[in-house]
Amino acid sequence: MQKQDRLKKSAAFAYVYRKGERASAGNLLLLYAKSREGFKVGLSVTKKVGNAVTRNRTKRLLREAIAKIRDRIDEGYLYVIIAHPGIVEDDFETVCRSVEHAFFKAGKLAGETRE
């Protein structure tokens, strides 16, 4: 995931939390809301997940999982991914599947519709 695709401002996070819809998969929750800014993704990993090293590793895994499906994600939305504590035990492939499944459940993958 590129730096310009990151959601950084707390007001933008608050907007997605307040107005966004939800889709969960595995140990994460995807929130998404319509955007005028275009594609942006924010990550939320609380202290319940672990110490700073664990939280940063989790964010790196999530960023890489998003990068794998970046070209298929709907552009017109702000996204926030919230990691639950159980994500620590997941390996990279499981995290990738969870991220892809969350976007699929939300109907935000191009060319794929949820059933």
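Some notes on this structure:
- Residues within the reach of a label modelled at Lys19 (point 7 angstrom out along Cα to beta-carbon, backbone nitrogen below 11 Å), restricted to the range 73-95, are 78.
- 3J(HN,Hα) along the range 14-30, derived from phi through the Karplus expression 6.51 cos²θ - 1.76 cosθ + 1.60 where θ = phi - 60°, amounts to 4, 4, 5, 4, 6, 9, x, 9, 10, 8, 10, 7, x, 9, 9, 10, 9 Hz, with x in place of Gly and Pro.
- Stretching Gln4 away from Arg70 to a fully extended chain increases their span by 22.5 nm, per 0.36 nm per residue minus the current alpha-carbon distance.
- Listed by chain and number, the aspartates and glutamates placed with their C-alpha closer than 16 angstrom to that of Lys9 are Glu37; residues fewer than eight positions away on the same chain are left out.
- The slack in the chain from Arg60 to Ala11, taken as 0.36 nm per residue of separation less the alpha-carbon distance, amounts to 15.3 nm.
- For the chain: rounded, prolate or oblate by the Cα gyration tensor [a/c cutoff 1.5]: oblate
- Fraction of antiparallel bridges per DSSP, the chain only, in percent to nearest 5: 65
- Per-residue 3J(HN,Hα) values for the range 59-74, derived from phi via the Karplus relation 6.51 cos²θ - 1.76 cosθ + 1.60 with θ = phi - 60°, read 5, 5, 4, 5, 4, 5, 5, 5, 4, 5, 10, 3, 5, 9, 7, 4 Hz in sequence order (x marks Gly and Pro).
- Sequence-distant residues sharing a close amide H with Ala25 (under 5 Å, placed H): Leu30
- Only lysine pairs 8 or more places apart or on separate chains count here, and in the range 10-75 those with Cα atoms under 19 Å apart total 7.
FYI, it's all coordinate maths here, none of it is from the lab. Bear in mind that the values here come from a model prediction, so they are computed numbers and not experimental data. We place every Cβ from the backbone using ideal geometry, glycine too, and count neighbours over all the protein chains shown.
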